[in-house]
Every structure is written in structure tokens, then in C-alpha cells.
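Just below is one structure, and these are the notes that go with it.
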Amino acid sequence: MDAKVEPQRQVMRLRGRSYVAFVFSPFMPIMNWLEEIDATLAQSPGFFAGRPIVLDLAAVELSSHGVAHLVSNLETRGIRVLGLEGIEPDGLDPKLPPVLSGGRGCVVEQVEPKKVEVLPPPPPAPSLLLRSPVRSGQRIVYTEGDVTVLGSVGSGAEIVAGGSIHVYGTLRGRAMAGINGNSDARIYCQKIEAELLAIDGYYQTAEDIGETLRRQPAQAWLDGDVLRITPLN
Amino acid sequence: MAKVLVVTSGKGGVGKTTSTAALGAALAQRGEKVVVVDFDVGLRNLDLIMGAERRVVFDLINVAQGVAKLSQALIRDKRLESLWLLPASQTRDKDALTDEGVRDIIADLRTKFDWIICDSPAGIERGATLAMRYADEAVVVTNPEVSSVRDADRIIGMLDSKTVKAEQGEQIKKHVLITRYDTSRAARGEMLNIDDILEILAVPLLGIIPESQDVLKASNVGSPVTLNNAASQPARAYIDAARRLSGETVDMVVPTEQRRGFMDRLLGRRAA
Ligand SMILES: Nc1ncnc2c1ncn2[C@@H]1O[C@H](COP(=O)(O)OP(=O)(O)OP(=O)(O)O)[C@@H](O)[C@H]1O
Ligand SMILES: [Mg+2]
């Protein structure tokens, strides 16, 4: 590589500029404080998107490790920490954001998040349709609603649904319906050879399923706190 | 156009290597240019079944790592002009094989052969996933017993999700090959029956290979059973399966008991 020597080197220019940043002042216990942050985020998701913040640690006593933990906790919530305040820089991990000083309070205009930043929640999809058999070792988890399988569910496969489960084929694996406490959920299948059936946590294993039902079209449903398996038709 | 076929099973010892050699030889006998590739790194067998173990110099991993050229590692069969072997390494472990290495070798083989038949190691780990990764079609080998069928089901799920074809939203063509079908045990109802297996796996049947001493005899002399004794029952079943792979429609023969004595054969047909 031939590096050319520039005859007139530009002198690096140092320029100053001031920015307005949100300041977070965590309090003890940190867990409670994080819960408040989560509540804010739940009400207006995306509120802090594109708004780095400064973390004022004057009210808490944290080790370098503790600070790092807190910063990464915020990062997982999509909050970027621009700098730290109210803490001695000595002994802090150099990978942490820098310690700032000389901040001045000011009024921030437009605290409402911009409308575009708030994504409308996706319309609830009530059911999941699987067009091919569910094979041994596969696990389908769909907490939002019903699961329908056009085919069989193999031995050693597992279907977990928030709603009901419909199997247009032989159910040989495990089926767990109504896992979010939906006791009205049911499991239907064309042929029952299930390893385990569960609705809202009440379950039966292959051992419990009556021999007369085996290989027949059947449904499972909750009668109070008893899981019943009955022929379909 | 070249076809990449993986012979796989999940469960070990069901007959993948036997089937790779037998199908490879049967296709080559039909005039197709075939290479059988041993993916069982560390536990290679295919060279023995093919009777080529004393001619192995370079292997799959040497080629993958650029130590040897493909042409240096390929071994031509002594009996069939158009049949070749790419051996695995017995000394290296499975991690020596990389996705990119396999991709490049398969791409290279595609330009030289009609059929590239990959003998997968047992299991569902890296070795097995690499063997199936670039396949267009799969022969899922199973024995007529519950654990083998369940593992086959699991492998089919992986074929439908972990292959390049599947990732591109295409379907990998799958066939079930039932091997070690013991006619006398079947007659006594001691094995899963064919219909049950097909109902569980929901994949078309490629063939039923009977349990037979001819398979052991062939492997003892280092010859694919289809070459060693083409008239034997297992060889005929493999030859039919190879014809189905090439797209022919061949009636399915369910193996039946063969151990009939001379008198039986003579008198067996007499009407009751
Ligand atoms: N049809 C058959 N009749 C009798 N023996 C058979 C038959 N098919 C395979 N075998 C025997 O079963 C054993 C295992 O076969 P093979 O090595 O082909 O299985 P594999 O699936 O490749 O095993 P691995 O998982 O260890 O690679 C061998 O001893 C082989 O000779
Ligand atoms: Mg093998």
C-alpha cells in the first residue's frame, strides 16, 4: 500500500453541540423501577424508540457490574443509554456509556410519541392451519387460538394450543389444548392413538385412554375438572 | 439432469449403507452414471460393502478441505464402468465437514453424474443433516418395527424443514424403503405391517426388501447384493426399487416365505 503524504493536512476541528435527552433516575429496588418502565412501554410502545437517554444514578448505589446489568436490561427493552450521570467514573467498565456532567434541565416539547412510531397491534389470528403432517420430534406452539392439522400427528410430536386442536388424521403424539386457562377448548381427531391429551392442564396419558376408543374418531373435553374422551359421532 | 438422493433413517443399523450400494449398483446397471457418497465420517462402511476399501487414498473431507481434487478421491467400481464411490474418512470426526464444503462437492458432482447417492450416518445430528442438506430426493429406510418407524417420521420432518429445497419452499421428494422384512415373522404377525407403516409415514413406498442371508453373503465379499446375486429376492426387490426411482411403474411384490423344500415345491400347487 502506498500512502500518499498529504501536503496540507486538515486540522481536526472540534465542534460543540448540545442535545436534549431524557434523563432516567432509577430508584431502589431496581426491579420495581424497571416494572414502571415496562408499564410505560406497555401503554405507549415505541415511546423511547430513537430517543437515547441519560441514566442518572445518584439515587442508587450500583457496582460497575450492576450498572452494566441495568444498561443491558434497558437495551433489551429497546432503550439506548447515551451516557451516565451521578456516579464516579473511576472503576467503571470502559465499555459502559461515558459519564456526563454539566447537564441542565429544560422543557421538552412534544413528549407524545409520534403516531407513526406506534405500530397497531396485529389483528388476532384465531387459528393456525397446518397443511402437512406433524412429524415426530416437531413441536407446534400456538397460544393465540386453535390449531388445525390436515394430516396426522406423529408419535413423539406435540401440539400446544391456546384454543382447540383439530386433527384430520391420526393423533399419535401429544395434544395440549386451552393452555392459557381456556377450559372450553377441545381436542378432536379422526383416529385417536394419542400419547397424551391435556385441556387447561388436566391430562390423560395413553394408559388412561380406553381401549374401546383407540383408533376411533374421538374428542376430548373438560367436564368440570374431569377430562372426558368420547367417540365423535 | 443430475439427481441428488440421500439415503437416511434416523435409527442406526436399519440398512442405509446396504441400500445405498444396492440401489447405486442397480441404477448403474441400467446405464446411469452413479456416484455413491459416504457421509458416515468416522464410521465409514460403504467402501467395504462396495469392495473398494483397499483402494481408498483420498476422501470426502480431503476434497472438502481442498487437500485433494475430486477426481483424485473418486474410485471407479471394478465391475461396473459407470459406478463410482466417494469414500468417507475413517480417522476424522464429523466436525471436519462444513456446509460450504459439502455444497461445493455436491455442485461439482452434479456436473459429472446422473445420480449422486448420499449414504447418511444414523442420528439427527450434523452428519445426518449435512448428508440431506443438498438432496433433491430422499430414501427413508425403515425396518418394520415401532422405534425405527418413529425415527423415520422424525427424519421426514427434518427433510421437510432442514434441506435447502425445503428452505426455498420446494418439496423434497420422499420414498419409504422397508428393509429387513422378515417374512416368517410377518406371517406370525410379529412385525408392524406394511399398511400401518405407510399410514404412519404418509410417504409413498419405494420397495420392500426381505431379510435375507444373501445380503450378508454379498457384504462379506464386498459386493452390492444387486451385483453379487441379481436373482436373489433382496436383489430383485432393490432392482425394482431402482426402476421406480427412475420413474418406471413396477408392481409391488410383498416378499413371501421362500424356505420351501423340494417336496413342497413339487406338491405345493396341488388343489385342495
Ligand atoms: N435385507 C437384509 N437382510 C439381512 N441383513 C441385512 C439386510 N439389510 C441390512 N442387513 C444387515 O444389517 C446390518 C446393518 O446394515 P447397514 O450397515 O446397511 O445399516 P446402516 O443403516 O447403514 O447402519 P448405520 O446406521 O450403522 O450406518 C448389516 O450387518 C447388514 O448386513
Ligand atoms: Mg451405514
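The values are calculated or read from the model by the stated rules, or taken from the named source; none is laboratory data. Being a predicted model, the structure only gives us computed values, none of them experimental. FYI the Cβ positions are ideal-geometry reconstructions off the backbone, even for glycines, and counts take in every protein chain you see.
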Q | Matching residues in segment B:106-146 - criterion: being modelled with pLDDT under 95, within 14 Å of chain A (Cβ to nearest Cβ) and assigned to a helix (DSSP H, G or I) | A | B:Val146
Q: Mind listing whichever residues of segment B:234-270 are at pLDDT 95 or above and within 16 Å of ligand 1 (Cβ to nearest atom)?
A: B:Pro234, B:Ala235, B:Arg236, B:Ala237, B:Tyr238, B:Ile239, B:Asp240, B:Ala241, B:Ala242
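Name the strands (runs of 3 or more DSSP E) wholly within segment B:1-105 that hold at least 2 residues that are within 13 Å of ligand 1 (Cβ to nearest atom) and either within 14 Å of chain A (Cβ to nearest Cβ) or buried (at least 19 other Cβ atoms within 10 Å of the Cβ) (or both)? Lay out the reasoning, then the answer.
Details: elements: B:3-8, B:34-38, B:83-86.
Result: B:3-8, B:34-38.
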Q) If only one of B:Thr226, B:Thr249 is more than 23 Å from A:Arg172 (Cβ to Cβ), β-branched (Val, Ile, Thr) and either within 14 Å of another protein chain (Cβ to nearest Cβ) or surrounded by fewer than 13 Cβ atoms within 10 Å (Cβ to Cβ) (or both), which one is it? A) B:Thr249
Q. When you look at B:Ser212, is it surrounded by 21 or more Cβ atoms within 10 Å (Cβ to Cβ) and either under 14 Å from B:Leu23 (Cβ atoms) or over 14 Å from the mean Cα position of the chain (by Cα) (or both), yes or no?
A. yes
Q. When segment A:193-220 is examined, which residues are found to be in a strand (DSSP E or B) and within 16 Å of A:Val147 (Cβ to Cβ)?
A. A:Leu196, A:Leu197, A:Ala198, A:Ile199, A:Gln219, A:Ala220
Q: Please state which of the following conditions B:Arg154 fails to meet, knowing it meets all the rest: (1) away from chain A (no Cβ under 13 Å); (2) modelled with pLDDT of 95 or more; (3) away from ligand 2 (no atom under 15 Å from the Cβ); (4) surrounded by fewer than 24 Cβ atoms within 10 Å (Cβ to Cβ).
A: (1)
**Q.** segment B:196-220, subset in contact with a Pro (Cβ under 8 Å, 6 or more places away or on another chain) and either more than 12 Å from every other protein chain (Cβ to nearest Cβ) or of a type in the set (Lys, Arg) (or both), residue farthest from A:Ser155 (Cα to Cα)
**A.** B:Ala218
Q: For segment A:63-100, enumerate the residues that are surrounded by fewer than 18 Cβ atoms within 10 Å (Cβ to Cβ) and part of a helix (DSSP H, G or I).
A: A:Ser64, A:His65, A:Gly66, A:Ala68, A:His69, A:Ser72, A:Asn73, A:Glu75, A:Thr76
Q. Filter segment A:134-152 for residues that are at negative phi and facing chain B (nearest Cβ under 10 Å); which is farthest from the chain's Cα centre (by Cα)?
A. A:Ser152
(Q) If I ask for residues that are at pLDDT 80 or above, under 15 Å from A:Phe24 (Cα atoms) and aliphatic (A, V, I, L, M), which ones from segment A:69-96 would you list? (A) A:Leu70, A:Val71, A:Ile79, A:Val81, A:Leu82, A:Leu84, A:Ile87
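Say whether the condition of being within 11 Å of chain A (Cβ to nearest Cβ) and surrounded by fewer than 18 Cβ atoms within 10 Å (Cβ to Cβ) is met by at least one residue in segment B:180-195. Spell out how you get there, then give the answer.
Filtering segment B:180-195 down to residues within 11 Å of chain A (Cβ to nearest Cβ) leaves none.
No, segment B:180-195 contains no residue that is within 11 Å of chain A (Cβ to nearest Cβ) and surrounded by fewer than 18 Cβ atoms within 10 Å (Cβ to Cβ).
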